[in-house]
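Undergrad: Before I ask anything, let me first share the structure, which is written out below as structure tokens.
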Amino acid sequence: MAVSGFEGFEKRLELRFSTTNNNPMGLRLIDFESLDQVLNEVQCTVVSAVANHSFDAYVLSESSLFVYPTKIIIKTCGTTQLLKSIRPFIHLARTLSLTLRACRYSRGSFIFPKAQPFPYTSFKDEVVIVEESLPNSLRYRKASVMTPSNNNNNHSRAWHVFTASADVAPDEPLVVVEVCMTELDRVNVRSFFRRKGDGKNSDSAGKEMTRLSGIDMINANAFICDFAFDPCGYSMNGVDGDRYSTIHVTPEDGFSYASFECGLSLYDDGHGDISEVLTRAIDVFRPDCVSVATTYGGEDYDHEVTKRLERVLAKKLGLKCRSRLVDEFPGSGTVVFQSFTPRRKYYSPEGGEQ
């Protein structure tokens, strides 16, 4: 492990709003200059963007931003100050007659926790900052650190979640899946290094990385907005109707990391089975450590879906589920956090390969 390197693990913020007017564009009416000012506070910039009839998707210098009519999702990596975006986003929404009704903040365990600025050195401090930024109307609040029992073997990491909602019942029917992968296969990540003197710009190099890595086959229906960083690294946003997906890759040996996130429905024909989609995404990177956090919003937690994911990952990728944690959040649904490692490379705390 390198003494210091780029922090791939993202901080993720989701803000959901209600509106009193009938304007179908909602938050999408926020002008780019205003968005850019918020991102400046967070310490990142827009490097590429795409939009369709449902939402706007921005690739950032550190991860991604999605703007729906009544929802904002922003995730940033490195040492960014994500929580500084809460107050200005709420203010911008208020100018459009939108009122905050729910907030969710989540992240994994940092690879380089000591390199993070305040308040990201402590989840308790992060929660304090979030709570101070929210209106009192979001009275149903919960903070949780979902820690696998085998966390001390360094093959699994904790999942940190804070939610706040104005209502007890979840209002978001979408299922959100967040996958964090470390110790990526060294051969597979070669696709995410720029070749010296290739003459390609970031857009064309990004398209080449998408094709060579097989990312374009995860969801063949999605339009992909991709970006290649120099000398290495990759980001993409996928747009498929009203569904988003996003991938971010830090390929350097010693602190390699990749994330995959998507929003989908359990029962929506044509968008693919969760386990099959995740299998294709994880297979791109062949990681030694995988964590999957699935948030079931308005739909009840489906135990069979969770078990199927474990069976498919075991059969197709040789990944064994080492832990499964379930927690409920008022107004935000149920979070299931699963940790996986390959059978051949897992060492128990007591010693010995399993």
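The values are calculated or read from the model by the stated rules, or taken from the named source; none is laboratory data. Predicted model only: the values in this text are computed from it and were never measured. All Cβ positions, glycine included, derive from the backbone under ideal geometry; neighbour counts span all protein chains shown. Areas reflect the complete protein model, heavy atoms only, side chains present, ligands, DNA and RNA absent. Shrake-Rupley method; radii C 1.70, N 1.55, O 1.52, S 1.80 Å.
Undergrad: For Cα pairs less than 8 Å apart in space and 6+ apart in sequence, what is the mean separation divided by the residue count of the chain, i.e. the relative contact order in percent?
TA: 18 percent
Undergrad: From the mean inverse distance of alpha carbon pairs (Kirkwood) and the Cα radius of gyration, derive Rg over Rh for the stretch 3-83.
TA: 1.01
Undergrad: Hey, if we sort 321, 77 by accessible area with the 1.4 Å probe, largest down, what's the order?
TA: 321, 77
Undergrad: Follow-up. Once ligands and nucleic acids are excluded and a 1.4 Å probe is used, how much of residue 217 is accessible, expressed in Å² to the nearest 10?
TA: Looks like 120 Å² after rounding.
Undergrad: Could you list, in their original order, any pairs among 84/124; 71/207; 84/114 whose Cα atoms are separated by more than 25 Å?
TA: The answer is 71/207.
Undergrad: Straight distance only, please: which lysines reach the Cα of residue 316 with their own Cα at less than 18 Å, same-chain residues fewer than 8 apart left out?
TA: Candidates past the 8-residue exclusion: 307, 345.
Undergrad: Rounded, prolate or oblate for the stretch 177-241? Axes are the square roots of the Cα gyration tensor eigenvalues, ordered a ≥ b ≥ c, and the cut-off for rounded is a/c under 1.5.
TA: Because a/c hits 1.5 or more and a/b fails to exceed b/c, the stretch 177-241 counts as oblate.
Undergrad: Leaving out same-chain residues fewer than 8 places away, which aspartates and glutamates sit with a Cα under 12 Å from that of residue 11?
TA: Within the straight-line cut-off, residue 11 pairs with 62, 126, 178.
Undergrad: Follow-up question, since we're still on this one. If you take every residue apart from residue 5 with its C-beta less than 11 Å away from the C-beta of residue 5, what net charge results, scoring Lys and Arg +1 and Asp and Glu -1?
TA: Result for the neighbourhood of residue 5: -3.
Undergrad: How do 320, 84, 75 stack up against each other in accessible area, from largest to smallest, with a 1.4 angstrom probe?
TA: 84, 320, 75
Undergrad: Just to verify a number: what accessible area does residue 232 come out at with the full protein assembly present, 1.4 Å probe, Å² rounded to tens?
TA: 20 Å²
Undergrad: Another question, if that's okay. Pop out the carbon and sulfur fraction of the accessible area of the chain as a percent, whole number, probe 1.4 Å.
TA: Carbon and sulfur: 49 percent of the exposed surface of the chain.
Undergrad: Among rounded, prolate and oblate, which fits the stretch 282-333 when a ≥ b ≥ c are the square roots of the eigenvalues of its C-alpha gyration tensor, a/c under 1.5 means rounded, and a/b larger than b/c means prolate?
TA: Cα axes put the stretch 282-333 in the prolate bin.
Undergrad: Can you sort 178, 276 by solvent-accessible area, 1.4 Å probe, largest first?
TA: Largest accessible area first, the list is 276, 178.
Undergrad: How would you classify the stretch 212-263 from its alpha-carbon gyration tensor, with a ≥ b ≥ c the square roots of the eigenvalues: rounded for a/c under 1.5, else prolate if a/b is greater than b/c, otherwise oblate?
TA: Judged from the Cα gyration tensor, the stretch 212-263 comes out prolate (a/c at least 1.5, a/b above b/c).
Undergrad: Further question: Using only the alpha-carbon atoms, what does the chain span along each of its principal axes? Please give whole angstrom values in decreasing order.
TA: The Cα atoms of the chain stretch 58, 49, 44 Å along the principal axes, largest first.
Undergrad: Accessible area per residue, 1.4 Å probe, Å², for the chain: what's the number?
TA: With the other protein chains kept in place, the chain gives 42 Å² per residue.
Undergrad: Could you tell me the accessible area of residue 304 in Å² (1.4 Å probe, neighbours in place), rounded to the nearest ten?
TA: Here the residue's solvent-accessible area equals roughly 120 Å².
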